[in-house]
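Chemist: This is the structure I have questions about; it appears just below.
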Amino acid sequence: ERKAVVSTAYSLLGKVNYFWGGKSHAIGWDSRWGTPTKVTAAGSSTTGKILPFGLDCSGFVDWVFNNSLGYIIGHGGGASSQHTYCSSISWEEALPGDLVFYPGNTHVGIFVGTDSNGNPLIIHCASSQNTVVLTGLQGFTMIGRPDIF
């Protein structure tokens, strides 16, 4: 199950734009991705702008888990909702497929392992890079184990 989550997450690496409020229930590639679309979700500097459709951070996590395990963490809500469907764990207990969060649940990503120095690696859909990226901690401070595991 964890391998399926990680490989599914990697399948979108660098391929889907960040889009505030972007969600997808598609199994496989969503034909809407990349299509110019008005951002309608409130709360972003991009609200009201026309941008290539994609996923936001929680939409990416939902798409990955739905496509790999048939499960939508947080039942379509944002990062805060996803966090409520996780059990808190320590970084030492982290396994690929666990979720990581910014303070205040303002961003979510998926823990995929560690680099050669033992530093955590996270895959997430980042507004700052406008796509799905693989990074280190970069602001992630909390980790949780999704209830499906």
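Chemist: Among G74, G48, which is the only one that is in a helix (DSSP H, G or I) and either in contact with a strand residue (DSSP E or B) (Cβ under 7 Å, 6 or more places away or on another chain) or more than 18 Å from W29 (Cα to Cα) (or both)? Explain how you work it out, then say what you get.
Modeler: Working: G48 fails: in a helix (DSSP H, G or I).
Unique residue meeting the criteria: G74.
Chemist: Still on this structure: Need the failing condition index for T46 against (1) in contact (Cβ under 8 Å) with a residue 24 or more places away in the chain; (2) surrounded by 18 or more Cβ atoms within 10 Å (Cβ to Cβ); (3) not aliphatic (A, V, I, L, M), just the number.
Modeler: (2)
Chemist: Also: Out of V16, V5, report the one residue that is open to solvent by less than 20 Å² (accessible area, probe 1.4 Å), at pLDDT 95 or above, β-branched (V, I, T) and in contact with a Phe, Trp or Tyr (Cβ under 6 Å, 6 or more places away or on another chain). Give the derivation first.
Modeler: Numbers: V5 fails: in contact with a Phe, Trp or Tyr (Cβ under 6 Å, 6 or more places away or on another chain).
One residue alone meets the criteria, V16.
Chemist: Now for a separate question. Pull out all pairs, ordered by first then second residue, where Cβ-Cβ is under 8 Å, the residues are six or more apart or on different chains, the first lies in the range 103-127 and is open to solvent by 60 Å² or more (accessible area, probe 1.4 Å), and the second is in a strand (DSSP E or B) and hydrophobic (A, V, I, L, M, F, W, C).
Modeler: P103/M142; T114/L121
Chemist: Restricting the search to the range 85-97, which residues are in a loop (DSSP other than H, G, I, E, B) and over 11 Å from the mean Cα position of the chain (by Cα)? Give the derivation first.
Modeler: The initial filter retains those residues of the range 85-97 that are in a loop (DSSP other than H, G, I, E, B), namely 85, 89-90, 94-97.
Passing the criteria: Y85, I89, S90, A94, L95, P96.
Chemist: Continuing with the same structure: Going by the conditions given, is S80 closer than 16 Å to T131 by Cα, small (G, A, S), outside any loop (DSSP other than H, G, I, E, B) and within 17 Å of the chain's Cα centre (by Cα)?
Modeler: Details: closer than 16 Å to T131 by Cα: no; small (G, A, S): yes; outside any loop (DSSP other than H, G, I, E, B): yes; within 17 Å of the chain's Cα centre (by Cα): yes.
So S80 does not fit the description; no.
The values are calculated or read from the model by the stated rules, or taken from the named source; none is laboratory data. Note that the structure is a prediction, hence the values are computed from the model and not measured. Don't worry about glycine lacking a Cβ; one is built from the backbone with ideal geometry, like all the others, and counts go over all protein chains shown. Just so you know, the surface numbers come from the protein's heavy atoms only, side chains and all, with ligands and any DNA or RNA stripped out. Shrake-Rupley method; radii C 1.70, N 1.55, O 1.52, S 1.80 Å.
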